[in-house]
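The structure under discussion appears below in the form of C-alpha cells.
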C-alpha cells in the first residue's frame, strides 16, 4: 500500500465509524516488510520474507471506549468489523476520562527529517544480503577448536504507518532497520557450552558495520569458559552499557502515568523530589538525527518535546498520556519515552573497572524481576570478578537483590561509553554496595 | 469441531448477540472425495484442493524436499476493568497462510495475509528459494488426518456477546473489595481466543484444528500505612463460555487477596546456596527452565545444549519421571495436532531417571531418525514451527511432604512464581519467586518475597533428592518465549526438594 492509499483507507474507516455511532475515532494503518537469512555450516539455514498490513482503530462511543485491530483490510470485512465493534462497545461501562488529545497538542507537520529512514531501502541485492551473513560466519568458522556451532544472520525491515484522528490529526512515519548477528557456542569445562551472540544494527544499509560480529561473539564466548559462582557478598557492581536497561527499565516504568494512577509505582508523589543519586541527570530528547527513538509525534499524535527526566537525582517529570492525565489531573506530556540521554561522567569502561578494588562487572542478566509498587528486585547475573581494577575470572549462577530506590541512590559513577544503537542511550554504570548471592 | 460458513463472517466477539449476516457467496465445489469436516475448513479459508496443490507445486518447484501450508484464522477478544468498572475492550482478527519449504535441514519461509491464489503463489515462490535447482513435483494423494479431540467445549467464544462476559469481570472486582478493607485498587480482565487452523503438506496430509482459549485474571492492590503491595491470580484453559462460574470468580478473588496479604509480612532470606523445597503446582517452572528448553531438539541437533550428549544416560534419581504432554484435556498447553500436522503425544523426557527423549519437530526427528513427538509449534502463520514445550510436569515420587520438610534445617519453601529464564549452553536457569517462606528446622517460619533463584540445569536435576505424592498441574497464564515466538504452555510438579540452589537475598 502506498502512503496515499493508507490515508484514503484510514479516513474511510474513520468516517465509517463516525457514521455508525462513534463520536471520536483514531485509526492507524501500518505496513511492515522484512527479510532475514540465517546461515550455518556454510549453508543457508533459514530464509524468511514477510509483508504485513494492519489496521487498528480506537473507538469513543457514548463515553465508552474500545480498541481493535485486524489484518483483513478489504472494505467489506472492515465495515462489518467496525460496526460490530461499535455495537459491542455499548455494553461496556462509561469512562469519562476517555477522549482524543486536545487538538492544540497535536504535531502540526512542520518538523525536520530525523533520519529514521533509508530512502534506498529495497535496493540491496538479495544475494548480497546472503553474502554478508556468510562473511560473518567465515570470520571465525574453523578458527578455534572449541567452536561447536556458529550461526550468522542478516536481517532488514521497513515499517510505514499513517494515523488519522477525527478531531483533526493526520501524520505518517517510516523507519528502516538493518542488522547482522552472529551467535557462537564453544566447548567449555565439563558439559557446559558457553555461547555468546553479538549484533550490529543501523538505520541505513551503508552505515551497517558488517565486520566483527563473529570475532566479537567468539572472544566473548571464550571469555566465559570456566565461569563459576563465588561466595555471597556486598560489593560494587559495574553494569555494561549493553545490558544496563534491565535494571534501568524498572526506574522508567515507575514514571508511567498508569503505574502512578494504579498505585503500581515506587515513585508516587515524588515530582520535584530527590529520588536518586545526584549523578543521575537524564533527558528525553526526541530530535536526535538518526536516534533510534527519534520521533515528531507520539502514539496519540501529540507533538514531542525535549524534556528533562531527572536533574541531579531530582525527578522532573512523569510520562502522562491523555487518559491518565485526566485521571491524575495533570497535563499530558506524552506517555512514552523517545531517546533517553544520560549526562555522562569522565571515565570509560576500562577506567570504571580500574577504579574498583573488589567487585563484579556484570555483562549479562538471567531472569529476575522487580516489584513495581515497592521497587524490590532480584536478578540472575553473569560477568567477571574484578580485583584491584582488573578482570580476574568469569562468574555466573549468581543473583543481585535489593531495592531500586537504594540502587539508584548508590551510583558510584556514570561511564562515558554511551551506546548510540538504542533509543535508551545507556552508558556503563558503577553502583556501590550491591548484595550478590552465590555460594 | 465442525465449522460452518456462518462462523467465518463473525469478524469479532464484540458483536451483539443475535446478529447474523448471510455469507456473501455460495459454497465452493470440491472435486475430490473429502469429508464434510475438511470441506468446512476449505470453505472457511475460501480455498479448494486444486489451489492447495498448485501452491505446494510452486513451493516445491526449486527442488525442495518437502513443503507445507499452515492456514490460520484467529479471533481474539479481551475485556478489562480499572477503577471499578469494565470500561475497555480490545479485539483482534488475524488471518493468513504460512508457507514453508524444507531442503534437508534448511528452511525457506514466507507468509501471505491474503488467500487469493496469486498472493499464495508469490509467497510460495519466495519460500521455494531455499532450494536452487528446478524440479517437477507430482502431487501426492490426499491423506486426510482426523485430529484428536482434547478440548471439547459446549459454547464457543464467538457465540458469546460482550454483555455476557462483563458481569464476571465486574464480580471479581466487587468480591475482592468485599474481602479486605486494605484493598485500594483492582485490575481484572478476561481474554478469549478462537483459532481455526488448516494444514496441508507435500505428502498429501490434510488436517485441521479448532483451538479455543480463555484467560481470566485479577490483580489486587492493598495498602497498609505507607506500604503498597500487589499480587495476582489467573487461570487459563482451552474451554468455552460454560467455564465461567461464580465459583471461579470466588476462587480468583480469594487467591488474589490471600497472596497480597502475605506480602506485608514478607522479608528476604539470607543470600547464598541452600536447600529449596518447591511446592506442588507452579513450581513446575523449574522443569520448564532447567530441563525443558535444554531438551528441545533443535539445540541438541546443533550441539548447543548442555544436554546434547546425555541421551539414554542417567540424569536424575531413579524415582524421577518427567513428561511433556500435549494431550491433557482442556489444558492450555494441549493441541489436537501440532503446527506441522503431526500427532501429539505424551512424551517421557526422563524415565526412571534416564534421559529418554528430546522434544522434536519434523527437522530434528528426521535428524535423529525418530518419530516426531508433536512438539513442532509456532506462534502464528507468520512464524515457522520449531520444537516447543506443551505441558511439562513431573509424576509423583515416593516421599511425603512431611518427610521433605523434615529434611531441611535452613532453606526456603517457594510456591508462587512470575517468570523464569535459561541459558541453553551454560545450563544456568532462574525463576523469580513472588512469595514463599523460610524453612527453619523443618518448619515454615518467615514469609519471603521478590527473590530470584538461580541454578544449573543438569546439577539441579541431579540434586532433586525427594519428590512427594501430591502432583498438581498449574493452570495459570504461562506463556513461553523462544526465538521471538510466544506459545501457551502449562507446567506441574509434586512437592520436591532440591538439595541446593543459589537464592537471592541479603548479606546483612
Translational diffusion of the stretch B:457-508, µm² s⁻¹ [Kirkwood Rh, Cα pairs; Stokes-Einstein; 37 °C; 0.692 mPa s]: 237 µm²/s
May I ask for the equivalent-ellipsoid semi-axes of the stretch A:3-223, computed as the square root of five times each C-alpha gyration tensor eigenvalue and listed largest first in whole Å? 47, 19, 16
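Translational D (Stokes-Einstein, µm²/s) of the stretch B:372-458 at 10 °C and 1.306 mPa s when Rh comes from the Kirkwood sum over C-alpha pairs?
On the way: Rh = 16.0 Å.
Answer, rounded: 99 µm²/s.
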0 to 90° range, to nearest 10: angle between helix A:75-89 axis and chain A longest Cα axis: 90 degrees
Shape metrics for the stretch B:272-503, restricted to C-alpha atoms - Rg then Dmax, Å: 16.9, 53
Segment residue A:350-residue A:32, length gained on full extension (0.36 nm per residue, minus Cα span): 110.4 nm
Using helices alone, what [θ] at 222 nm do you get for the protein assembly as shown, with -39,500 (n - 2.57) per DSSP H run of 4 or more residues, divided over all residues and rounded to the nearest 500? -5500 deg cm²/dmol
Say each of residue A:90 and residue A:329 gets a label point 7 Å from the Cα, pointing the same way as Cα to Cβ; how far apart are those two points in nm? 3.5 nm
Dimensionless Rg ratio for the stretch A:58-164, taking C-alpha atoms and the 2.2 N^0.38 Å reference: 1.87
Whole angstrom only: what separates the Cα centroid of the stretch A:55-104 from the Cα centroid of the stretch A:297-315? 28 Å
Just the number: Rg to Rh for the protein assembly as shown, Cα atoms, Kirkwood Rh, two decimals. 0.94
Rounded, prolate or oblate: pick one for the stretch A:227-439, where a ≥ b ≥ c are the square roots of the eigenvalues of its C-alpha gyration tensor, a/c under 1.5 means rounded, and failing that, prolate if a/b is larger than b/c, else oblate. prolate
Stokes-Einstein D in µm²/s, Kirkwood radius over Cα pairs - chain B at 25 °C with 0.890 mPa s viscosity: 100 µm²/s
Note: residue B:174 to residue B:46 extended length (0.36 nm per residue) minus current alpha-carbon separation gives 41.5 nm
How large are Rg and Dmax for the stretch B:409-501 when only the alpha carbon atoms are used, in Å? 14.2, 44
At each listed q (0.11, 0.20, 0.26 Å⁻¹), what is the log10 of I(q)/I(0) that the Debye formula gives for the stretch A:277-352 modelled as equal alpha-carbon point scatterers? -0.34, -0.90, -1.18
Given the stretch B:151-299 reduced to its alpha-carbon atoms as identical point scatterers, what log10 I(q)/I(0) does the Debye formula return at q = 0.14, 0.17, 0.20, 0.21 Å⁻¹? -0.91, -1.08, -1.20, -1.24
To the nearest Å, what is the center-to-center distance of the stretch B:245-286 and the stretch B:109-137, using C-alpha atoms only? 50 Å
Compute the convex hull volume of the Cα atoms of the stretch B:104-232, divide it by the residue count, and report the result per residue in Å³ as a whole number. 219 Å³
Would you give the gap between the C-alpha center of the stretch B:394-443 and the C-alpha center of the stretch A:134-160, rounded to a whole Å? 39 Å
Taking all pairs of distinct Cα atoms, average 1/r, flip it, and tell me the Kirkwood hydrodynamic radius of the stretch A:23-79 in Å to one decimal place. 14.3 Å
Can you tell me what percent of all Cα-Cα pairs in the stretch B:249-346 are more than 18 Å apart? 70 percent
How much space per residue, in cubic angstrom, does the convex hull of the C-alpha atoms of the stretch A:327-439 take up? 138 Å³
Crossing angle, helix B:162-179 versus chain B [Cα axis fit, 0-90 degrees, rounded to tens]: 10 degrees
Relative contact order %, chain A, counting alpha carbon pairs below 8 Å whose residues are six or more apart: 15 percent
Distance-filtered residues of the stretch A:161-200 - backbone nitrogen under 16 Å, label point 7 angstrom along residue A:119 Cα→Cβ: A:174-176
In nm, to one decimal, how far is the residue A:223 label point from the residue A:273 one, both placed 7 Å along Cα→Cβ? 4.0 nm
How are the C-alpha pair distances of the stretch A:148-289 spread across 10 Å bins, as whole percents from the shortest bin up? 8, 20, 26, 27, 15, 3, 0
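Starting from the Cα coordinates of the stretch A:1-105, work out the convex hull volume and express it per residue in Å³.
Numbers: hull volume 17.0 nm³, N = 105.
For the stretch A:1-105, the hull spanned by Cα atoms encloses 162 Å³ per residue.
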Angle, helix B:246-263 long axis vs. longest principal axis of chain B, Cα atoms, 0 to 90°, nearest 10? 50 degrees
Between residue A:127 and residue B:140, how high is the FRET efficiency from 1/(1 + (r/R0)^6) when r is the Cβ-Cβ distance and R₀ = 45 Å? Nearest 0.05. 0.85
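How big is the shadow of the Cα convex hull of the stretch B:58-132, averaged over all directions, in nm²? Spell out each step's value before the answer.
Numbers: hull surface 25.8 nm².
For the Cα atoms of the stretch B:58-132, the hull's average projected area reads 6.4 nm².
P(r) tail for chain A, what percent of Cα pairs lie past 37 Å? Write down the numbers at each step before the final one.
Working: 35250 of 96141 pairs.
Here the tail beyond 37 Å accounts for 37 percent of pairs.
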Between residue A:79 and residue A:418, the two model label points (7 Å from Cα along the beta-carbon direction) sit apart by a distance in nm of 5.3 nm
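Sort largest first and round to whole Å: the equivalent ellipsoid semi-axes of the stretch B:5-216, each the square root of five times a Cα gyration tensor eigenvalue.
They are 42, 20, 14 Å, listed largest first.
Every number here is computed from the coordinates shown, using simple stated rules; none is lab data. Just so it is clear, the structure is predicted and the values come from calculations on it, not from any experiment. Note: ideal-geometry Cβ built from the backbone for every residue, glycine included; neighbour counts use all protein chains shown.
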